[in-house]
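The next block holds one structure in the form of structure tokens; read it before the comments.
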Amino acid sequence: MNPLYKTVGIVGTGAMGRGIAQLAAQAGSQVRLFDTHTEAAGTAREALRGQWDKLVGKGRLDSALAEEYTARLLPASSLNDLADCDLIIEAVVERLDVKKSLFLSLETVVSTQAILATNTSSLSVTAIASGMQHPGRFAGYHFFNPVPLMKVVEVIAGLKTDAAACEALAAYARQMGHTPVMAQDTPGFIVNHAGRGYGTEALRIVSEGIADFATIDRILKDQAGFKLGPFELMDLTALDVSHPVMESVYQQYYDEPRYRPSVITAQRLAGGMLGRKTGEGFYRYQDGVAQVAPERPAPAVAEMPPVWVSPRAARRSELLQLLKGLGASIETGASPSMNALVLVAPLGFDITTVAVVERLDPARTVGIDMLIDDAASRRRVLATNPATRSDMRDAAHALFARDGKAVSVIRDSGGFVTQRVVATIVNIASDICQQGICTPKDLETAVTLGLGYPLGPLAMGDRYGPTNILEVLFNMQTVYGDPRYRPSPWLRRRGAIGLSLMHEEE
């Protein structure tokens with residue numbers, strides 16, 4: 001193999017540094033490992049050797065190749081040992097002063113042709129480069145843990161970074177078997193920026209008393225197709241990691257409402273309830289397994305009332321077909337009878353608002369989320385309003401559970417759960433494109449590889465309809481009066497004229 005960089009220096013030998021060193025050695029580069037902690041570089045080398053030996057034992061790696069990889073790793077006793085490196089990648093503590101000092105020292109050691117890169121996940125690349133004599137050869141090179149498995153790398157240009165440096169780093173990422181995405185130097189770059197909506201909006205839903213952690217996780221997994229619910233995800237990453245990122249992005253964007261953190265995570269962080277690693281977070285863990293109470297079964301209803309569907313319901317024809325298939329007695333009059341269960345299916349509005357605007361009896365009114373095609377979902381979500389009678393709530397629950405599909409019943413919420421979370425994700429992604437932080441294509445790649453969403457956020461918006469997403473946001477802004485839900489110009493303009501959210505201007 002002919003590596004793009006013959007000799008690569010890795011500064012910092014924690015999990016991130018070791019992962020990058022592993023990729024570099026496998027790509028054919030000679031790797032110099034340096035760490036300020038005595039013996040850490042040697043320990044890192046042995047740890048990597050152990051990983052390769054395990055692969056040999058499983059028959060997934062040739063023993064000669066494992067020896068070759070190990071031979072390419074050489075511990076360095078000082079920064080001077082990195083003088084011949086063509087590329088140096090830093091993976092040390094996330095402190096601006098430490099990183100700036102390190103790169104100022106490295107500039108006195110390496111040649112002027114060497115590329116210098118920081119693996120920072122939250123600091124400004126431009127700020128780290130300030131004071132450097134040659135900032136044009138300095139860029140962000142953000143890998144994700146675990147490095148060998150997370151196949152995306154953000155290549156970040158500071159204000160003074162040469163385009164050629166970023167192009168070379170992108171080419172090397174491909175040589176290492178990863179997929180590079182190009183980003184401008186903005187808070188959170190692409191992945192941590194695009195990921196703000198999922199957790200923060202779920203936290204807002206909990207804070208409004210709409211549903212508990214497990215119910216929200218179930219809804220977003222079963223209805224929208226996410227692999228992990230937001231609270232499962234935060235327990236996995238741990239709040240001592242995720243909450244500071246929430247605060248950092250929010251503060252760096254000068255308190256932009258779209259990124260507002262939650263007191264819920266701040267409180268749990270202070271209380272040491274960090275997630276799986278502490279045995280308790282949003283869930284309690286026993287032998288690493290979350291302890292989750294089973295869902296309540298659908299109620300037994302002796303006599304089902306007739307059902308009347310609002311003429312303004314989203315996907316009304318599909319909803320009527322669904323009700324017919326479930327054996328409901330459907331009323332077709334201009335208004336419901338005095339005994340009817342009244343069904344509404346708003347986009348963005350809460351059930352209370354719809355009942356008032358449409359002059360419906362709130363005591364008999366229940367909402368159903370119809371943003372997503374019922375056939376494409378494993379769960380139906382119903383919402384009551386503060387006046388909904390328990391017999392009407394139970395009748396709706398029992399009716400929509402007749403065919404065995406899971407049903408969640410939540411309290412009143414503008415946008416239910418899925419609508420508001422998906423709309424927030426799509427809106428933030430749209431604004432990333434509006435700001436020119438990256439291309440729509442790189443955004444989709446970064447999010448699907450870095451966050452594991454079922455679709456990229458722009459593709460998600462296209463699937464559910466940009467006009468529908470716009471309606472959800474406009475109506476949520478009306479319900480909550482919060483600028484958090486104001487639509488990005490990117491989304492508003494494309495939604496208004498029927499363009500794909502992936503569409504770039506000529």
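The values are calculated or read from the model by the stated rules, or taken from the named source; none is laboratory data. Here the structure is a predicted model, which means the values were calculated and not measured. Methodologically, a virtual Cβ is constructed for each residue, glycine included, from the backbone with ideal geometry; neighbour enumeration extends over all protein chains shown. Note: accessible area is taken over every heavy atom of the protein model, side chains too, but ligands, DNA and RNA are not part of it. Shrake-Rupley method; radii C 1.70, N 1.55, O 1.52, S 1.80 Å.
Here are some notes:
- Selection count where residues are within 30 Å of Asn145 (Cβ to Cβ) and either open to solvent by 10 Å² or more (accessible area, probe 1.4 Å) or out of contact with any Pro (no Cβ under 6 Å at 6 or more places or on another chain) (or both), scope segment 449-483: 13
- Hits in segment 1-43 (condition: more than 13 Å from Arg72 (Cα to Cα), hydrophobic (A, V, I, L, M, F, W, C) and either touching a His at 6+ places or on another chain (Cβ under 6 Å) or part of a helix (DSSP H, G or I) (or both)): Ala15, Met16, Ile20, Ala40, Ala41
- Answer residue from segment 163-185, given it is in contact with a Pro (Cβ under 9 Å, 6 or more places away or on another chain), among the small types (Gly, Ala, Ser) and within 14 Å of Leu87 (Cβ to Cβ) and is surrounded by the fewest Cβ atoms within 10 Å (Cβ to Cβ) among those: Ala171
- Segment 118-138, subset part of a loop (DSSP other than H, G, I, E, B) and without any contact (Cβ under 8 Å) to a residue 60 or more places away in the chain, residue least open to solvent (accessible area, probe 1.4 Å): Thr120
- Members of segment 311-345 found to be closer than 21 Å to Asn468 by Cβ, in contact (Cβ under 8 Å) with a residue 24 or more places away in the chain and open to solvent by 30 Å² or more (accessible area, probe 1.4 Å), listed by number: Arg312, Arg315, Arg316, Glu318
- Cβ-Cβ under 8 Å pairs, at least 6 apart or on other chains, segment 490-506 side on the phi > 0 side of the Ramachandran plot and open to solvent by less than 70 Å² (accessible area, probe 1.4 Å), far side assigned to a helix (DSSP H, G or I) and of a type in the set (Gly, Ala, Ser): none
- Selected residue (criterion: farthest from Asn475 (Cα to Cα)) from residues of segment 342-360 that are of a type in the set (Val, Ile, Thr) and under 34 Å from the mean Cα position of the chain (by Cα): Val344
- Residues of segment 200-220 satisfying the condition of being in contact (Cβ under 8 Å) with a residue 12 or more places away in the chain and either open to solvent by 10 Å² or more (accessible area, probe 1.4 Å) or over 24 Å from Gly450 (Cβ atoms) (or both): Arg204, Val206, Ser207, Glu208, Gly209, Ile210, Ala211, Phe213, Ala214, Thr215, Arg218
- Whether a residue is modelled with pLDDT of 95 or more and part of a loop (DSSP other than H, G, I, E, B) was assessed, and Leu203 does not pass this test.
- Residue in segment 265-282 that is in a strand (DSSP E or B) and either among the hydrophobic types (A, V, I, L, M, F, W, C) or open to solvent by 30 Å² or more (accessible area, probe 1.4 Å) (or both) present: yes
- The set of residues from segment 223-264 being assigned to a helix (DSSP H, G or I) and of a type in the set (Lys, Arg) comprises just one member, Arg258.
- When the criteria are applied in full, Glu295 fails the requirement of being outside any loop (DSSP other than H, G, I, E, B), of a type outside the set (Phe, Trp, Tyr), open to solvent by 50 Å² or more (accessible area, probe 1.4 Å) and in contact (Cβ under 8 Å) with a residue 12 or more places away in the chain.
- Number of positions in segment 36-69 that are open to solvent by 40 Å² or more (accessible area, probe 1.4 Å), farther than 12 Å from Gly14 by Cα and hydroxyl-bearing (Ser, Thr, Tyr): 2
- Subset tally (residues that are within 15 Å of Ile20 (Cα to Cα) and not in a helix (DSSP H, G or I)) for segment 44-81: 4
- For Arg276: the one exception among (1) free of Cβ contacts under 8 Å to residues at least 40 places away in the same chain; (2) within 31 Å of the chain's Cα centre (by Cα): (1)
- Residues being among the polar types (S, T, N, Q) and in a loop (DSSP other than H, G, I, E, B) - total across segment 431-471: 2
- Criterion (surrounded by fewer than 17 Cβ atoms within 10 Å (Cβ to Cβ) and part of a loop (DSSP other than H, G, I, E, B)) met by exactly one of Asp84, Asp97: Asp84
- Entry remark, segment 139-178: residues being assigned to a strand (DSSP E or B) and over 21 Å from Thr13 (Cβ atoms) number 6 in total.
- If only residues of segment 186-199 that are among the hydrophobic types (A, V, I, L, M, F, W, C) and buried (at least 22 other Cβ atoms within 10 Å of the Cβ) are counted, the one that is farthest from Leu458 (Cα to Cα) is Phe189.
- Flag for Lys160 being in contact with a Pro (Cβ under 6 Å, 6 or more places away or on another chain) and at pLDDT 95 or above: yes
- Reported count of residues in segment 221-237, each being touching a residue at least 60 places away in the same chain (Cβ under 8 Å) and within 22 Å of Leu123 (Cβ to Cβ), is 0.
- Within segment 238-263, the set of residues being surrounded by fewer than 17 Cβ atoms within 10 Å (Cβ to Cβ), in contact (Cβ under 8 Å) with a residue 24 or more places away in the chain and within 21 Å of Tyr285 (Cβ to Cβ) comprises Ala238, Asp240.
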